[in-house]
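After the structure tokens below, expect a handful of questions from me.
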Amino acid sequence: MDDAATGLVLHHPDGTSHRFDPGALCLELLPTGGPGAHARYEVLHRPADLAEWIAACRLDTGEVAVDEAGVAAARELRDALWRLTEARAEGLPGAPADYAAVNRAAAAPPPVPRIGPDGRRAEPAPTTAGAVLSAVARDAVELFTGPYADRIRVCGAHDCQLHFVDTSRPGRRRWCSMERCGNRQKVRALRARQSGGEG
């Protein structure tokens, strides 16, 4: 996979869009909605919605069977991941019930990769939404127990709640995307300096 293309393209109500790479498959599920105040951003209403997310995420899948139960399972896993990533970003341990939800999803068999007769990677075997969610949950287990567990961040913009893994060497990444939130903050800071200089 081309690393430059990793991540999702997020579309905003103002008509703009930008590429968001949270640094982990499990965090790519979060922009689809979430618990509490995040419910207003819900986009996983029907099987077709989940199928669209699966096609856009970084996981290499072939044909995926998605049904209403898969949508409900995706929302349950996503909501648990929201709470866990928020807790980790604040240096808190997270709720046992949310870890249990991740473990339940991870227990299912993940998608099966395949190799073709020419020795190259072939399209994965047909799979289910449950298998895809297993891969997402297993990625979360790796993230929460791995070397970047303490590098889960929330975007520093006042109006953005996106989570990402800070894989920068110094560990000081502040924005979900320099293209969007980082540049908006630079423009705000420049305007503040200019208005302060004029006054």
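The values are calculated or read from the model by the stated rules, or taken from the named source; none is laboratory data. Everything numeric in this text was worked out from a predicted model, so none of it was measured. Virtual Cβ from ideal backbone geometry, glycine too; neighbours counted across all protein chains shown. Note: accessible area is taken over every heavy atom of the protein model, side chains too, but ligands, DNA and RNA are not part of it. Shrake-Rupley method; radii C 1.70, N 1.55, O 1.52, S 1.80 Å.
Pop out the carbon and sulfur fraction of the accessible area of the stretch 1-132 as a percent, whole number, probe 1.4 Å.
Carbon and sulfur atoms account for 56 percent of the accessible area of the stretch 1-132.
Now, a different point. Do you know the relative contact order of the chain, to the nearest whole percent, from alpha carbon pairs under 8 angstrom that are 6+ apart?
This gives 20 percent for the chain.
Then there is this: How far, in degrees from 0 to 90, does helix 96-106 lean away from the longest principal axis of the Cα atoms of the chain, to the nearest 10?
Its long axis makes an angle of about 50 degrees.
Can you compute the radius of gyration and Dmax for the stretch 106-158, using only the Cα atoms, both in Å?
Here Rg and the maximum Cα pair distance are 15.8, 52 Å.
Give me the dipole magnitude in Debye, nearest 20, for the chain about the Cα centre, with unit charges on the beta carbon: positive for Lys and Arg, negative for Asp and Glu. Display every interim value, and only then the final one.
Values: 25 positive and 26 negative charges, 179 e Å.
In total the dipole reaches around 860 debye.
Report the full-extension gain for the segment residue 103 to residue 118: residue separation times 0.36 nm, less the Cα-Cα distance, to one decimal in nm. Display every interim value, and only then the final one.
Details: separation 15, 0.36 × 15 = 5.40 nm, distance 3.64 nm.
1.8 nm is the gain from fully extending residue 103 to residue 118.
Using the alpha-carbon atoms, what tilt in degrees (0 to 90, nearest 10) does helix 183-198 show relative to the longest principal axis of the chain?
10
Then there is this: Along the stretch 108-122, what does the Karplus equation 6.51 cos²θ - 1.76 cosθ + 1.60 (θ = phi - 60°) give for ³J(HN,Hα), rounded to whole Hz, x for Gly and Pro?
These are the phi-based 3J(HN,Hα) values: 6, x, x, x, 9, x, 9, 10, x, x, 8, x, 9, 5, 9 Hz.
Turning to a different aspect of this structure: Based on the Cβ-Cβ distance of residue 55 and residue 194, what FRET efficiency does E = 1/(1 + (r/R0)^6) give at R0 = 35 Å, to the nearest 0.05?
0.20
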